[in-house]
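The values are calculated or read from the model by the stated rules, or taken from the named source; none is laboratory data. Because the structure is predicted, anything quoted here is derived from the model rather than measured. Counting neighbours? That spans all protein chains shown, and the Cβs are built from the backbone with ideal geometry, glycine included.
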Amino acid sequence: MTITVNVGDADLNELLAKVEAGEDVVLVRDGVPVAQVTSLAQPAFDPEARRKAIEEIKAFRANMPRVTQEEIAEWKAIGRK
């Protein structure tokens, strides 16, 4: 998510907290973007690791036996006891 902030309204501590939380901050002067503040830290997730995890979940689910509506209803009833 990118946040746009007027230069005159900028509070450095607040902006740095947002950047540390993973957001990009665009500083604007008179409606014109003049700077962008982004984190130097590595992203919280690796896109390739994320893709691999999704593929592993899909493969796992493909090998699971099918569950019927009756089984789900039974599990719900058991959980309510």
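Which of the residues that make up segment 41-65 are among the hydrophobic types (A, V, I, L, M, F, W, C) and surrounded by 11 or more Cβ atoms within 10 Å (Cβ to Cβ)?
Within segment 41-65, A53 is the sole residue that qualifies.
Kindly establish whether G8 is part of a helix (DSSP H, G or I), loosely packed, with under 11 Cβ neighbours inside 10 Å and at pLDDT below 85.
Yes: the conditions hold for G8.
From T68, T38, which residue is of a type in the set (V, I, T) and surrounded by 10 or more Cβ atoms within 10 Å (Cβ to Cβ)?
Sole residue among the options that is of a type in the set (V, I, T) and surrounded by 10 or more Cβ atoms within 10 Å (Cβ to Cβ): T38.
Filter segment 32-81 for residues that are part of a loop (DSSP other than H, G, I, E, B), of a type outside the set (S, T, Y) and within 30 Å of L12 (Cα to Cα) and give the result.
L40, A41, Q42, P43, A44, F45, D46
For segment 38-49, give me each residue that is at pLDDT 75 or above and either touching a Gly at 6+ places or on another chain (Cβ under 9 Å) or more than 26 Å from V26 (Cβ to Cβ) (or both).
Within segment 38-49, S39, A41, E48, A49 meet the criteria.
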